[in-house]
Amino acid sequence: MNGKIAAGSIVVIAALAGAAIWYVQEYAFYTQVAFTRGAEIVLTPVTSDRPEAIPVNDIQGIDAGSSPLRFRACFTTPMSLATLTESYRVYDGATPLYAPSWFDCFDADRIGAALQSGEAVAFLGQKNLVPNRGNVEIDRVVAVFPDGRAYAWNQLAPGTEP
């Protein structure tokens, strides 16, 4: 009888720990991002290293203070892909990171597949967003679809080590 109680206790504790870990990963640290009108999303021009704001609509985003890699945003832009590719730096090595399941406007698999197929184009938003992190660089990446849908996230710069 004592073995059943011990085994049952282990199962209950493991289930509670699993639920707590899931909650922490999905909800605990994320907050909605309050974007300032006119400076919501920036891209780095081809001719400069200084990012500049682009026009956006219907923006929503999340972030967490626990990691600089937790930023995600979904929005639309009236700018065409032709104008964007002529004016702003294309970003090689863009890899969208997964968002919590409740932030359903951001689908990393769909965005990644569109980038691989050439349907969407990734741009450098801002290079080395969080300075003084050793040999790790974190870039903000913005992916834009031909219909104006766009997504932003932070990722490790290609070639940097965590």
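Using the Cβ-Cβ distance between Val33 and Ile13 with R0 = 45 Å, the FRET efficiency computed as 1/(1 + (r/R0)^6) comes to roughly 0.80. Applying both filters, DSSP loop and at most 10 other Cβ atoms within 10 Å, to the chymotrypsin sites (Phe, Trp or Tyr not before Pro) of segment 28-116 gives Trp102. Distance between the pseudo-spin-label points of Asn2 and Thr47 (7 Å out from Cα toward the beta carbon): 8.2 nm.
As a calculated quantity, the FRET efficiency between Arg110 and Ser87 at R0 = 22 Å, using C-beta atoms, amounts to about 0.30. Working note: Debye formula, equal point scatterers on the alpha-carbon atoms of segment 87-162, no solvent; log10 I(q)/I(0) at q = 0.18, 0.28 Å⁻¹ is -0.72, -1.34. Convex hull volume per residue, computed on the Cα atoms of the chain, equals 149 Å³.
Every number here is computed from the coordinates shown, using simple stated rules; none is lab data. Since the model is a prediction, treat every value here as computed from it, not as a measurement. Neighbour counts are summed over all protein chains in view; Cβ atoms, including those assigned to glycine, are modelled from backbone coordinates with ideal geometry.
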